[in-house]
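Working notes for the structure below.
The values are calculated or read from the model by the stated rules, or taken from the named source; none is laboratory data. Treat the numbers as computed from the prediction; the structure is a model and nothing was measured. Quick reminder, even Gly has a Cβ in these numbers, built from the backbone with ideal geometry, and neighbours come from all protein chains shown. Areas reflect the complete protein model, heavy atoms only, side chains present, ligands, DNA and RNA absent. Shrake-Rupley method; radii C 1.70, N 1.55, O 1.52, S 1.80 Å.
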Amino acid sequence: MEEKFRLAVGIMGNAASMLLYSAPILTFARVIRKKSTEEFSCVPYIIALLNCFLYTWYGLPVVSYKWENFPVVTINGLGILLEVSFIIVYFYFASTNGKAIPVVLVFCAVAILSAFVFHDHTHRKAFVGSVGLVASVAMYGSPLVAMKRVIETKSVEYMPFYLSFFSFLASSLWMAYGLLSHDLILAAPNLVGSPLGMLQLVLYCVYRKRGTNNHVEQPLQKWDVENYSDNTIDEKNQRINNKLIVTTHDGNDDATNGKK
């Protein structure tokens with residue numbers, strides 16, 4: 001019964017992780033549409049790629065005992081494909097490149113050392129899992145950069161909700177899977193990831209409301225906008241002026257009625 005429950009939690013963790021790794025699709029659809037990476041950071045995706053590499057290796061029979069961690073292999077293998085795709089798109093539209101090279105070097109070093117230096121599954125799991133632990137904590141902590149920007153700008157534009165939500169959900173499920181498997185290497189990084197995911201959601205709720213309340217429509221200036229025609233700008237400015245005239249007129253009527 002316990003084994004079936006553990007497997008069920010692993011399957012749910014796979015589903016949540018698939019949604020987590022797929023969440024940036026909307027972000028990169030925007031990047032492709034605008035042909036610009038804007039203020040989005042590539043750091044979370046590079047660290048996520050390293051994390052997927054390490055845990056795919058961790059779940060393979062070379063490190064783990066037979067296929068005891070098969071769910072870990074399947075979802076992180078899919079994660080590798082998605083993260084590589086996102087990084088390729090990012091660097092295609094960004095002015096910088098080459099940041100993903102250290103990820104490949106770190107993974108190759110870990111794979112070679114674990115395969116040829118350690119000669120039993122226990123020590124291989126301990127070594128690969130320790131490096132994976134650091135990568136996982138970095139992956140769950142990388143949104144702190146976006147959280148800092150949210151606090152400074154009081155805007156959640158560059159911290160996608162679905163990425164935060166699925167990060168919280170996936171880390172919570174994998175924490176449960178690791179505890180049920182009596183595998184602290186799998187559970188430990190998610191003990192950090194789950195609270196950080198919750199913090200992101202709280203931050204999103206707080207600044208999303210503030211951003212909505214503080215939103216004010218500003219007139220467009222011709223020298224600030226390249227993609228609008230003169231007619232569009234004039235029409236929008238005229239619409240704003242009309243709103244101001246109506247508001248002023250209503251205020252004067254109220255004042256007159258008050259005097260009467």
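Worth a mention:
- Solvent-accessible surface of protein heavy atoms, probed at 1.4 angstrom with all chains present, puts His123, His182 in the order His182, His123, largest first.
- Here Met18 sits with roughly 90 square angstrom of accessible surface, probe radius 1.4 Å.
- By accessible area with a 1.4 Å probe, ligands and nucleic acids excluded, highest first: order of Leu199, Leu26: Leu26, Leu199
- Rounded to the nearest 10 square angstrom, Met139 shows an accessible area of 20 square angstrom against a 1.4 Å probe.
- Principal semi-axes in Å for the range 1-145 [√(5λ), Cα gyration tensor, largest first]: 29, 19, 11
- Note that the range 201-206 has calculated 3J(HN,Hα) couplings of 5, 4, 4, 4, 5, 5 Hz, one per residue in order, obtained from phi through the Karplus relation 6.51 cos²θ - 1.76 cosθ + 1.60 (θ = phi - 60°); glycine and proline are x.
- Carbon/sulfur fraction of accessible area - the range 1-153, other protein chains in place, 1.4 Å, %: 73 percent
- Extension gain for the segment Glu39 to His123, taken as residue separation times 0.36 nm less the Cα-Cα distance, is 26.1 nm to one decimal.
- If R0 is 30 Å, the Cβ-Cβ spacing of Lys154 and Leu191 corresponds to a FRET efficiency of close to 0.50.
- Calculated FRET value between Arg208 and Ile32, using beta carbons and R₀ = 22 Å, to 0.05: 0.30
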